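The values are calculated or read from the model by the stated rules, or taken from the named source; none is laboratory data. Treat the numbers as computed from the prediction; the structure is a model and nothing was measured. Glycine gets a Cβ as well: all are built from the backbone with ideal geometry, and neighbour counts include every protein chain shown.
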There are 2 protein chains.
Amino acid sequence: MNASPVLEIINTGTELLFGSVVNTHLPYLGQQLFSIGLRVQRQVTVPDGALIRDAIAEARERSDILIVTGGLGPTSDDLTREIVAELTGRELQYHEEIFAPIRERFERRGIKLTDRIKRQAYVPNGAMVLVNHFGTAPGLYLSADGRFPHLFLLPGPPREMCPMFEQSVLPILRGLVGKVDLSAGVFRVVGLGESGIEELISSDLDKIPGLELGYCARLGEVDVRLIGDHASVEQASEIVSNHLGAYIISQDSQSLEEVVVQELTAAQATVATAESCTGGLLANRLTNVPGASAVFLEGCVTYSNEAKTRTLGVPAELISRVGAVSAEVAQAMAEGVRIRAGATYGLATTGIAGPDGGTPEKPVGTVFVALATPTDTTVEKLFYPSDRESFKQSVTQHLLDDLRLQISSRRSEVRSQ
Amino acid sequence: MNASPVLEIINTGTELLFGSVVNTHLPYLGQQLFSIGLRVQRQVTVPDGALIRDAIAEARERSDILIVTGGLGPTSDDLTREIVAELTGRELQYHEEIFAPIRERFERRGIKLTDRIKRQAYVPNGAMVLVNHFGTAPGLYLSADGRFPHLFLLPGPPREMCPMFEQSVLPILRGLVGKVDLSAGVFRVVGLGESGIEELISSDLDKIPGLELGYCARLGEVDVRLIGDHASVEQASEIVSNHLGAYIISQDSQSLEEVVVQELTAAQATVATAESCTGGLLANRLTNVPGASAVFLEGCVTYSNEAKTRTLGVPAELISRVGAVSAEVAQAMAEGVRIRAGATYGLATTGIAGPDGGTPEKPVGTVFVALATPTDTTVEKLFYPSDRESFKQSVTQHLLDDLRLQISSRRSEVRSQ
């Protein structure tokens with residue numbers, strides 16, 4: 001096979017075109033394939049049923065490797081197996097060793113077996129069966145035969161398809177394509193926008209021949225993507241590291257909360273949270289990280305003023321004097337929860353998530369965030385006018401990044417002493 | 001145009017094939033198009049650059065309407081405009097009225113204008129310009145001319161594409177296709193699995209000719225989708241409503257938390273949460289709903305045993321006797337937070353999210369959830385062995401549904417008195 005084979009993917013499924021389901025196969029397969037030096041040239045989505053035939057017939061003219069997902073199940077609109085047998089001129093043969101475990105499973109659960117279910121045990125002559133550890137329909141691999149590209153048929157449900165891909169398909173593909181000099185680097189950046197990043201790095205990176213530079217911006221973070229041969233990506237990575245410095249939170253797609261929990265653990269520090277407008281998202285993000293229980297002591301979601309006073313010790317008088325959305329209350333919340341939980345750091349948010357509750361002085365999107373440490377408390381006023389969930393995401397992103405920078409500066413202080 | 005025109009979508013973008021970005025255009029467009037009776041026949045993803053040409057050339061042979069997203073921006077790999085001009089044999093003409101606002105915006109922000117940026121002001125002869133209120137590159141519409149289908153070129157960024165689609169493209173499409181008798185119903189079901197639902201409804205629904213029945217399962221919920229003409233969908237909807245009853249949480253894709261906040265508001269009731277293993281997700285889901293502040297009083301994320309005692313009043317003696325992951329502690333947490341916050345309902349979770357912390361008696365995935373009401377407290381033991389985030393999602397889903405059923409049964413009690 002040549003050095004950069006043409007690889008195409010066909011995803012079958014009416015639900016993908018109807019809009020009720022997002023195609024997660026493509027990003028998964030794109031990343032997996034890239035890891036062995038393969039890139040997807042084209043992807044096609046067709047509904048369940050006979051249109052699968054056209055898509056496969058067209059793709060075979062163009063491609064060296066073709067991956068088809070879906071349409072292997074037991075129901076009447078699952079036609080991929082039959083279509084491929086017909087197109088490749090192979091007979092379908094019944095395989096008892098495929099059906100036996102299916103029969104056993106159904107009998108154990110007392111479900112009646114129908115002829116439909118038996119269809120999954122038919123295999124086009126000469127195809128290799130790829131075992132499905134998480135469902136009934138096996139995958140199939142037909143090696144290229146001059147008229148047809150290498151063809152992989154995989155089940156539609158992601159929890160069946162993904163393990164099968166890693167266990168059975170990747171090893172076959174590695175054997176087919178050999179070693180490819182293709183490398184990638186992804187830098188996750190927080191605290192700088194896309195254009196700000198481009199200004200800092202693009203002129204230097206443009207000088208590296210064959211390097212592909214890409215950006216992917218999400219709320220409060222940007223991934224800088226470098227693709228090229230190993231030498232180019234290494235050279236480019238050094239430039240990116242030097243120019244973006246502390247704005248880079250990870251190089252292995254770690255999330256900000258993962259980095260924060262890791263830094264807290266390394267520093268033997270702990271954290272507690274007091275949230276008003278972010279309503280528990282801060283605690284939720286931190287506790288999504290395995291091992292968070294060692295560093296996250298307590299979280300308080302104090303939506304009402306009474307709760308702020310009762311739980312965090314924010315003086316009722318202060319709230320009525322300066323308002324719940326204020327620098328003073330943010331500070332008192334952060335300090336209150338820090339002391340209450342006996343934590344190294346206390347984080348607090350108080351603001352107006354909207355859609356209601358804004359005023360001319362404090363419009364929807366206004367928020368105060370505070371970070372209390374053993375020695376002092378920093379309060380910032382931020383403004384994120386947007387929908388409720390984006391607001392919560394942006395605010396927690398900002399405050400978690402404040403904490404990340406705080407921990408690392410404290411660590412370097414300790415080191416330099 | 002005939003009653004069911006062939007409609008295809010081409011999404012351009014290297015990042016979609018590389019796997020770093022999920023294609024959200026397709027589900028968005030699929031749903032929008034369906035709302036006016038159109039269905040997507042095929043979708044193709046191609047990388048930025050010259051391969052866009054092949055995809056458009058092939059799609060024009062098959063389709064009556066073709067929508068292309070991406071490749072209209074200022075950079076060198078944005079080629080859609082030029083390719084379409086070439087394929088349709090139209091000249092590109094400069095439009096000062098497109099460039100003027102771009103120039104003004106750049107000058108205001110002090111950014112240097114380049115020739116690249118000017119490319120966005122070129123339009124294939126005779127194309128209609130679709131205004132972009134959220135970015136620089138306008139969309140374009142070329143009406144069908146015998147050799148070419150109706151062609152829409154839309155910008156790639158979703159926050160530019162989606163408003164443009166609704167404001168400019170939908171009205172044009174409505175004019176083209178007229179009125180179509182196509183209807184859909186989506187029932188969101190919680191508390192039953194896909195196969196359980198199928199057993200209850202499929203035999204009755206199979207009798208309705210032309211009805212298309214689909215399922216989409218997510219963690220802790222299943223959407224039942226009915227597609228057909230208005231009469232069939234109406235008939236089918238009645239069957240689904242009768243057979244699934246209280247398992248149906250909404251018919252307009254409302255989330256469980258939205259339904260819960262709505263029910264609490266209607267019942268003039270309030271809630272407070274005490275979370276251990278779900279780490280704030282319960283509070284976060286509830287506070288994602290606009291208006292949650294009226295019914296959500298306080299949330300406590302008590303990860304440590306000390307916090308459970310200090311904040312919720314769970315006796316330390318109880319924890320050391322039966323363990324933090326126990327029915328007794330779940331009950332004490334729910335009752336503790338209910339009283340503390342002065343809420344109608346108290347919710348609590350305590351369990352082992354994993355990956356560590358499991359024991360033979362209480363393996364990872366074990367969890368106790370409790371719901372305290374003014375009159376009593378219900379505790380359930382559940383088992384969700386899975387990754388950490390799925391575990392948190394499943395547990396909160398179960399408990400929020402308990403609360404939903406509790407409120408509605410209480411309401412019907414009140415009504416029947």
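Within region A:158-205, how many residues are free of Cβ contacts under 8 Å to residues at least 40 places away in the same chain and either among the acidic types (Asp, Glu) or buried (at least 18 other Cβ atoms within 10 Å of the Cβ) (or both)?
Count: 8.
Within region B:77-101, how many residues turn out to be among the small types (Gly, Ala, Ser) and without any contact (Cβ under 8 Å) to a residue 12 or more places away in the chain? Walk me through how you get there before you give the answer.
Residues of region B:77-101 among the small types (Gly, Ala, Ser): B:85, B:89, B:100.
Now drop any that are not without any contact (Cβ under 8 Å) to a residue 12 or more places away in the chain, which leaves B:89, B:100.
Here the count works out to 2.
Only one residue in A:Lys362, A:Lys381 is modelled with pLDDT of 90 or more, over 21 Å from A:Thr273 (Cα atoms) and surrounded by fewer than 22 Cβ atoms within 10 Å (Cβ to Cβ), so which one is that?
Details: A:Lys381 fails: over 21 Å from A:Thr273 (Cα atoms).
From the options A:Lys362, A:Lys381, the qualifying one is A:Lys362.
Of all residues being closer than 30 Å to B:Arg218 by Cβ and among the small types (Gly, Ala, Ser) in region A:154-212, which is farthest from the other protein chains (Cβ to nearest Cβ)? Just the residue, please.
Taking region A:154-212 and keeping what is closer than 30 Å to B:Arg218 by Cβ, we get A:154-170, A:186, A:188, A:190.
Cutting the leftovers down to among the small types (Gly, Ala, Ser) gives us A:156, A:168.
On the way: A:Gly156: 12, A:Ser168: 19 Å.
Ranking the candidates gives A:Ser168 first.
Taking A:Thr75 and the conditions (1) more than 12 Å from chain B (Cβ to nearest Cβ); (2) farther than 22 Å from A:Ser168 by Cα; (3) loosely packed, with under 15 Cβ neighbours inside 10 Å, which numbered condition does it fall short on, given that it satisfies the others?
Every condition holds for A:Thr75 apart from (1).
Here is a yes/no grid of residues against (1) surrounded by fewer than 24 Cβ atoms within 10 Å (Cβ to Cβ); (2) within 9 Å of chain A (Cβ to nearest Cβ); (3) of a type outside the set (Lys, Arg):
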position: B:Thr14; (1), (2), (3): yes, yes, yes
position: B:Ser20; (1), (2), (3): yes, yes, yes
position: B:Thr24; (1), (2), (3): yes, yes, yes
position: B:Leu33; (1), (2), (3): no, yes, yes
position: B:Arg42; (1), (2), (3): yes, yes, no
position: B:Val46; (1), (2), (3): no, yes, yes
position: B:Leu51; (1), (2), (3): yes, yes, yes
position: B:Glu58; (1), (2), (3): yes, yes, yes
position: B:Val68; (1), (2), (3): no, no, yes
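Within region B:139-182, work out how many residues are charged (D, E, K, R) and modelled with pLDDT of 85 or more.
Step one: filter region B:139-182 for residues charged (D, E, K, R), giving B:145, B:147, B:159-160, B:166, B:174, B:179, B:181.
Applying the additional criterion that residues be modelled with pLDDT of 85 or more yields B:145, B:147, B:160, B:166, B:174.
Residues meeting the conditions: 5.
Go through region B:257-293 and give me each residue that's assigned to a loop (DSSP other than H, G, I, E, B), closer than 17 Å to A:Phe391 by Cβ and polar (S, T, N, Q).
Taking region B:257-293 first, the residues assigned to a loop (DSSP other than H, G, I, E, B) are B:267-270, B:276-280, B:288-291.
Okay, now just the ones that are also closer than 17 Å to A:Phe391 by Cβ, so B:280, B:288-291.
B:Asn288, the sole residue that qualifies.
Can you find a residue in region B:204-225 that is modelled with pLDDT of 90 or more, part of a helix (DSSP H, G or I) and closer than 27 Å to B:Val180 by Cβ?
Yes: one or more hits.
Output the residues belonging to region B:306-331 that are in a helix (DSSP H, G or I), within 14 Å of chain A (Cβ to nearest Cβ) and in contact (Cβ under 8 Å) with a residue 12 or more places away in the chain. Walk me through it before giving the result.
Taking region B:306-331 first, the residues in a helix (DSSP H, G or I) are B:306-312, B:316-322, B:327-331.
With the extra rule that they be within 14 Å of chain A (Cβ to nearest Cβ), the set shrinks to B:306-312.
Selection gives B:Lys308, B:Thr311, B:Leu312.
For region B:211-226, how many residues meet the condition of being crowded, with 17+ Cβ neighbours inside 10 Å, closer than 18 Å to B:Leu256 by Cβ and among the small types (Gly, Ala, Ser)?
The number of residues fulfilling the criteria is 1.
State all residues of region B:372-405 that are of a type in the set (Val, Ile, Thr) and closer than 18 Å to A:Leu281 by Cβ; if no residue qualifies, say none.
Step one: filter region B:372-405 for residues of a type in the set (Val, Ile, Thr), giving B:373, B:375, B:377-379, B:395-396.
Hits for region B:372-405 are B:Val395, B:Thr396.
Quick one: count up the residues across region A:1-12 that are more than 16 Å from A:Leu170 (Cα to Cα) and crowded, with 20+ Cβ neighbours inside 10 Å.
Of the residues in region A:1-12, 3 are more than 16 Å from A:Leu170 (Cα to Cα) and crowded, with 20+ Cβ neighbours inside 10 Å.
Go over the candidates B:Gly365, B:Gly342, B:Gly354 one by one and state the one that is within 12 Å of chain A (Cβ to nearest Cβ) and touching a Phe, Trp or Tyr at 6+ places or on another chain (Cβ under 9 Å). Don't jump to the end; show me each part of the working.
On the way: B:Gly365 fails: within 12 Å of chain A (Cβ to nearest Cβ); B:Gly342 fails: touching a Phe, Trp or Tyr at 6+ places or on another chain (Cβ under 9 Å).
From the options B:Gly365, B:Gly342, B:Gly354, the qualifying one is B:Gly354.
Which of the numbered conditions does B:Gly228 fail, given that it passes all the others? Conditions: (1) of a type outside the set (Phe, Trp, Tyr); (2) at pLDDT 85 or above; (3) out of contact with any Gly (no Cβ under 8 Å at 6 or more places or on another chain).
(3)
In the list B:Ala294, B:Ala269, B:Ala274, B:Ala246, which residue meets the criterion of being within 30 Å of B:Ser203 (Cβ to Cβ) and of a type in the set (A, V, I, L, M, F, W, C)? Don't jump to the end; show me each part of the working.
On the way: B:Ala294 fails: within 30 Å of B:Ser203 (Cβ to Cβ); B:Ala269 fails: within 30 Å of B:Ser203 (Cβ to Cβ); B:Ala274 fails: within 30 Å of B:Ser203 (Cβ to Cβ).
The match here is B:Ala246.
Go through region B:222-239 and report how many residues are farther than 15 Å from B:Gln251 by Cα and within 14 Å of another protein chain (Cβ to nearest Cβ).
1
Residues of region A:162-197 being in contact with a Ser or Thr (Cβ under 7 Å, 6 or more places away or on another chain) and under 20 Å from A:Gly37 (Cβ atoms), which ones? Spell out the reasoning first.
Quick first cut of region A:162-197, residues in contact with a Ser or Thr (Cβ under 7 Å, 6 or more places away or on another chain) only: A:185-186, A:188.
Residues satisfying the conditions are A:Gly185, A:Val186.
If you scan region A:1-45, which residues turn out to be small (Gly, Ala, Ser) and touching a strand residue (DSSP E or B) at 6+ places or on another chain (Cβ under 6 Å)? Can you show your working first?
Pass one, region A:1-45, residues small (Gly, Ala, Ser): A:3-4, A:13, A:19-20, A:30, A:35, A:37.
Correct list: A:Ser20, A:Gly30.
Just to verify a result, which residue in region A:227-256, among those that are of a type in the set (S, T, N, Q) and in a helix (DSSP H, G or I), is surrounded by the fewest Cβ atoms within 10 Å (Cβ to Cβ)? If you could, list the steps in order and put the result at the bottom.
Step one: of region A:227-256, the residues of a type in the set (S, T, N, Q) are A:232, A:235, A:237, A:241-242, A:250-251, A:253-255.
Narrowing further to those that are in a helix (DSSP H, G or I): A:232, A:235, A:237, A:241-242.
Working: A:Ser232: 20, A:Gln235: 16, A:Ser237: 17, A:Ser241: 13, A:Asn242: 11.
Restricting to residues being of a type in the set (S, T, N, Q) and in a helix (DSSP H, G or I), the top hit is A:Asn242.
Condition first: at the interface with chain A (Cβ under 8 Å from one of its Cβ atoms) and either free of Cβ contacts under 8 Å to residues at least 24 places away in the same chain or in contact with a His (Cβ under 8 Å, 6 or more places away or on another chain) (or both). Now tell me which residues in region B:283-305 satisfy that.
B:Ala283, B:Asn284, B:Thr287, B:Pro290, B:Ser293, B:Ser304
For every residue, the table says whether it meets (1) at pLDDT 95 or above; (2) buried (at least 19 other Cβ atoms within 10 Å of the Cβ); (3) among the polar types (S, T, N, Q); (4) within 28 Å of the chain's Cα centre (by Cα).
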site	(1), (2), (3), (4)
A:Ala330	yes, yes, no, no
A:Arg338	yes, yes, no, no
A:Ala343	yes, yes, no, no
A:Leu347	yes, yes, no, yes
A:Gly358	no, no, no, no
A:Val369	yes, yes, no, yes
A:Thr373	yes, no, yes, no
A:Glu389	no, no, no, yes
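Suppose we filter region A:381-401 for residues that are more than 23 Å from A:Glu258 (Cβ to Cβ) and among the charged types (D, E, K, R); how many remain?
3
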